[in-house]
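The values are calculated or read from the model by the stated rules, or taken from the named source; none is laboratory data. All of these numbers come straight from a predicted model, not from anything done at the bench. FYI the Cβ positions are ideal-geometry reconstructions off the backbone, even for glycines, and counts take in every protein chain you see. Quick note on the areas: whole protein, heavy atoms, side chains included, nothing else; ligands and nucleic acids left out. Shrake-Rupley method; radii C 1.70, N 1.55, O 1.52, S 1.80 Å.
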2 protein chains.
Amino acid sequence: MLDIGASFRFSKNVVRTLTILAPGLLGGSVAQAARAREAAERIVIWAQRPEVRLALAEQPWCDAIADSPETAVHDAQLIVIAAPVTRINELIDRIAPHLATHAVVTDVGSVKAEICRHGANALAAAGSAPGIEFIGSHPMAGSALTGWAHGDPELFAGCPCFVTPYNSPAESQLTTVVRFWRDLGSEVVTLPPDEHDEIVAHISHLPQIIATNLGTLLGSKPPNWSQLAGNGLRDTTRIAASDSTMWLDILEQNSDEILRALDGFEDDLHHFHSALANRDWTALRTRLERGKVWRDSLRP
Amino acid sequence: MLDIGASFRFSKNVVRTLTILAPGLLGGSVAQAARAREAAERIVIWAQRPEVRLALAEQPWCDAIADSPETAVHDAQLIVIAAPVTRINELIDRIAPHLATHAVVTDVGSVKAEICRHGANALAAAGSAPGIEFIGSHPMAGSALTGWAHGDPELFAGCPCFVTPYNSPAESQLTTVVRFWRDLGSEVVTLPPDEHDEIVAHISHLPQIIATNLGTLLGSKPPNWSQLAGNGLRDTTRIAASDSTMWLDILEQNSDEILRALDGFEDDLHHFHSALANRDWTALRTRLERGKVWRDSLRP
């Protein structure tokens, strides 16, 4: 009867067992969103610390708690590794030999090339069950808050989510990951890991560095200056309040692409600086207008 | 009877006749706020174009329309020049010989040093009636919208407003300007024009240039990149959509202070760039944390 109920409630494509490893804000939100939107029948979670596992066991969006990553994945159809980017590879290595046939492993890391290469190689090397794939993900969602307790079932609604297949995985497995993120409400974009890292270096990592540096400069000025600021400065620097440790990990994982993006920005800024120093109002008007045209073109 | 009604409705400190010259978004908002908050008994407006004057004459917050700046100011106690920064000095020169005794002239320009020097000298040179002062103002309020028709009586509520006395004007006149902006709901900060220009170069003009340059860089990349952006990029670049002509005027008027602020930002960014290139994670963590500490310190 339960099975009938289940097969009645869930489409045939729903994830049967979803395992989430090391949930923070994103992992907790994945679990809550999957439960709220019925994207998974059963949700299994592993967390590093026992006190966190006990707290998670009490959540309505957690069906089972595992004592180790190895046991957490043993019958999972989809595994979401929600650990910080620097800890993802080690978790892939731990679970690789324990995955069920046709299991798909993904993550939520902000940098993809190195993780996707490592994931593909680690699963192959483990000689684990057939049809298993690692397919990276990067939901462009977040919050100034951290930790699974701040998770939000609507965190992914309408937000872009990158899915980054490496070495052409089986279409059925790729579809499982894409469908899962779509079921959570995000707008999925599939592209190669290297291309992902180049793009986010420009649209996410560079803005973070700029906001941080505006903050360090203004932090070196009299404190009352900043209190006089209008909404412009407040908006321009909002992301400077993001978690430093997470960003240090991202800088380390994507340093090559970020350095290229920084070169491009510093070139533009240098040209603007020279035009202002030379009182070249025509060049400055062109740059102000190009910036406005670009910003006006952003979807609301 | 009307006078009795007026003296009953208005405190003895209210501006009797407020004249607004060349209203745009800010000038229109000053008139609406002054009427809504009863900060002036009578509001006289001059606009350059006759069709605008006809439209203004129909507004409940406009008591009289003048055909020229000279006639607009003849019995005004407080004159607010709302023209773009590049047109303020010429209007000061035109009205200087026509001001009433003890009239106070102010403006809403984003740059203050040159305008305040010119204002003080022009009024002195005009040998106009006694007690007349020019005292600059800069309400840190705005909108992506422009034009008096987008004016908002609450535009100044809670926003910082700089008042920048030059050559120690009479306290009573300074108080008139400060009280007026407070009556409109803004938080007034009085400081010298040069100091104002240094501060806004850092807290307003530099963020604008950074947002513009992020826009020009991303505008040179495939358009779909920007459509993948999350809220971080959207917030960081919001002000890049501001009016190009207004910003070109500000760049021209405050170029020296802006170039100094740009030097400081480019130095910080260069150090960040070097630390990343050298994989100096300690230095990068320090910078990320300093930026976060500064941003967390901003008033909400």
If you put a point 7 Å past Cα along the Cβ direction, how far is that point for A:Asp256 from the same point in each other copy, in nm, smallest first? 4.8
Carbon-plus-sulfur fraction of the accessible area of chain A, 1.4 Å probe, in percent? 51 percent
Cα-based Rg (one decimal) and Dmax (whole number) for the protein assembly as shown, in Å? 29.7, 98
On full extension of the chain, what length is gained from B:Arg42 through B:Ala64, given 0.36 nm per residue of separation minus the C-alpha to C-alpha distance? 7.1 nm
Taking the label point 7 Å from Cα along the Cα-Cβ vector, the copy-to-copy distances for A:Pro192, listed from shortest in nm with one decimal, are 6.0
List the distances, in nm to one decimal, from the label point of B:Gly158 to the label points of the same position in every other copy, shortest first, placing each label point 7 Å from Cα along the Cα-to-Cβ direction. 2.2
Apply the Karplus parameterisation 6.51 cos²θ - 1.76 cosθ + 1.60, with θ equal to phi minus 60°, to every residue of segment B:73-83 and state each ³J(HN,Hα) to the nearest whole Hz, in sequence, with x for glycine and proline. 9, 4, 10, 7, 8, 9, 10, 10, 8, 9, 5
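How about segment B:32-133: which GluC sites (Glu not before Pro) there lie in a loop by DSSP and see at most 13 other Cβ atoms within 10 Å? All intermediate terms of the calculation are to be shown ahead of the outcome.
Details: sites: B:Glu38, B:Glu41, B:Glu51, B:Glu58, B:Glu70, B:Glu90, B:Glu114, B:Glu133; in loops: B:Glu38, B:Glu58.
Sparse-neighbourhood loop GluC sites (Glu not before Pro): B:Glu38, B:Glu58.
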In what sequence, largest accessible area first, do B:Arg179, B:Arg287 appear using a 1.4 Å probe? B:Arg179, B:Arg287
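Compute for chains B and A the buried accessible surface, both sides summed, probe 1.4 Å, and express it in Å² to the nearest 100.
Numbers: alone 16100 and 16080 Å², together 24180 Å².
So the total buried area for this chain pair works out to about 8000 Å².
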Per DSSP helix of 4 or more residues, -39500 (n - 2.57); summed, then divided by the residues of the protein assembly as shown. What does that give at 222 nm, rounded to the nearest 500? -15500 deg cm²/dmol
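Tell me the relative contact order for chain A as a rounded percent, counting alpha carbon contacts under 8 Å between residues six or more apart. Display every interim value, and only then the final one.
On the way: 492 pairs, mean separation 46.2, N = 300.
Relative contact order comes out at 15 percent.
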Between A:Val293 and A:Asp256, what length comes free when the chain is fully extended (0.36 nm per residue of separation minus the Cα-Cα distance, one decimal in nm)? 10.4 nm
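Relative to the Cα centre, what is the charge dipole magnitude of segment A:196-296, using +1 at the beta carbon of each Lys and Arg, -1 at the beta carbon of each Asp and Glu, and rounding to the nearest 20 debye?
Values: 10 positive and 15 negative charges, 158 e Å.
For segment A:196-296, the charge dipole is close to 760 debye.
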Helix check for chain B. Which DSSP H runs span at least 20 Å along their own axis by Cα, with a mean Kyte-Doolittle hydropathy no less than 1.0? none
Among all the aspartates and glutamates, which ones have a C-alpha under 13 Å from B:Lys292's C-alpha, if same-chain residues fewer than 8 places away are not counted? A:Asp243
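Using 1/(1 + (r/R0)^6) with R0 = 51 angstrom and r between the beta carbons of B:Ala57 and A:Arg53, what's the FRET efficiency to the nearest 0.05? If you can, show how the numbers build up before the last one.
Numbers: r = 73 Å, r/R0 = 1.43.
Approximately 0.10, to the nearest 0.05.
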Where both residues lie in the protein assembly as shown, what percent of DSSP beta bridges are antiparallel, nearest 5? 15 percent
With respect to the axis carrying B onto A, what is the closest chain B residue by Cβ position, and how many angstrom separate it from the axis? B:Asp235, 2
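Would you please give the FRET efficiency between B:His271 and A:Glu90, computed as 1/(1 + (r/R0)^6) with r the Cβ-Cβ distance and R0 = 30 Å, to the nearest 0.05?
Values: r = 32 Å, r/R0 = 1.07.
It comes to 0.40.
Roll a 1.4 Å probe over the protein chains and send me the accessible area per residue for chain A in Å². Intermediate results must be reported in sequence, preceding the final value.
Numbers: 12080 Å² over 300 residues.
Counting only protein heavy atoms, the per-residue value for chain A is 40 Å².
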